[in-house]
Each structure stands twice: as C-alpha cells, then as structure tokens.
Amino acid sequence: MSMKPVKIAMISLTHGHTRKYYQTLLENAKLDWVASCAEDQSAKDTYALYKTGVPCYLSADEMFERHPDIEAVVVASANDKHLAQVRDCARRGVHVLSMKIPTFDMAEYDAMIEAVDKAGIVCQIELEMHYNPVVHRLKKLIADGAVGKIVSVQ
C-alpha cells in the first residue's frame, strides 16, 4: 500500500540553501509541494525566476488560507523568525522541517519544544552533517543500542 504524498510548503525563501530544496520538493514522489511564501517582493521575484510552477505568497497567513490542506512546511527563514513560525505551524497542526538550527536562544528553543509537544506535531531539524565523523560515530552508537531513545540534542 502506498501513502499519499505529503502536502508541503516552504516558508520565507531567505535561507541560502533554499534553492537546493526546489528540485527535491518537486521530484520527490512522497511530497506534493503546494505553496511557498516569501518575506518580501524581491524574494518572491527571485523565486519566480526558477519557474517551479508552485504558487508563492507574501505572507504565511495567505499561503495557509489558500492552501488549508498543507501538512508540513520547510522553514527557510532567518533564525529570529523561527519561534513565531514554529508556534504558528504548531497552532495549525502543521509539521515543521527546519533547514538549520532553529534558534541560538535556549529559552526560545524550550518554547518551540513546548509548542511542538502540545500540538503533537513533528519538528525535525536538518543539518548538512552527512560527512562529519562525529555524526557517523553517534549514528553507530545509536544503531548499536549504546544510548537510549534520543529526544533532542542540544
């Protein structure tokens, strides 16, 4: 039995790695990229150059209003925007993929965890650490059962 693709959106488009996600979001059969929102007209105009065919809005509110079926978002904004965006997604029951460390402030991080836990959504942080030897060692320790269930790494 195959699962239906997850309806996903991208918030902000300002993070430097954003464009690397376009192809993945378009080509991954497990995802249905339905919308994006940009922080300003300049970012929206730049996004339009990539001709993704995916609509882009100038606010997350408008994006969610036009696409109430969004199930998950990629947060691609500056760190100082993440707390409000994660809280908004949690309030809407929308899962979150953060393209980088969501905050450098532990109180904000705790607030994000609280919002995520209360809403029962998944919040995953993607760090491009695939080739880091420390990450490989940690993965081996986890796979070997040397550590318990990992909830969060801070």
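Annotations for the structure displayed:
- Within segment 1-49, the set of residues being assigned to a strand (DSSP E or B), over 18 Å from S77 (Cα atoms) and either small (G, A, S) or in contact with a helix residue (DSSP H, G or I) (Cβ under 8 Å, 6 or more places away or on another chain) (or both) comprises L31 only.
- Test: residue in segment 30-39 that is surrounded by fewer than 14 Cβ atoms within 10 Å (Cβ to Cβ) and either more than 16 Å from Q124 (Cα to Cα) or among the acidic types (D, E) (or both): yes
- In segment 86-107, the residue that is surrounded by the fewest Cβ atoms within 10 Å (Cβ to Cβ) out of those that are at pLDDT 95 or above and under 14 Å from M10 (Cα atoms) is D88.
- When V135 is tested against (1) more than 22 Å from T18 (Cβ to Cβ); (2) under 18 Å from the mean Cα position of the chain (by Cα), just one condition goes unmet, and that condition is (2).
- Residues being aromatic (F, W, Y) and under 21 Å from P5 (Cα atoms) - total across segment 46-100: 1
- Screening the candidates V75, V54 for the property of being under 14 Å from W33 (Cα atoms), modelled with pLDDT under 95 and touching a strand residue (DSSP E or B) at 6+ places or on another chain (Cβ under 8 Å) yields one hit, V75.
- Residue count, segment 108-128 (criterion: in contact with a helix residue (DSSP H, G or I) (Cβ under 8 Å, 6 or more places away or on another chain) and surrounded by 12 or more Cβ atoms within 10 Å (Cβ to Cβ)): 8
The values are calculated or read from the model by the stated rules, or taken from the named source; none is laboratory data. Note that the coordinates shown come from a computational prediction; the quantities given were computed from them, not determined experimentally. Quick reminder, even Gly has a Cβ in these numbers, built from the backbone with ideal geometry, and neighbours come from all protein chains shown.
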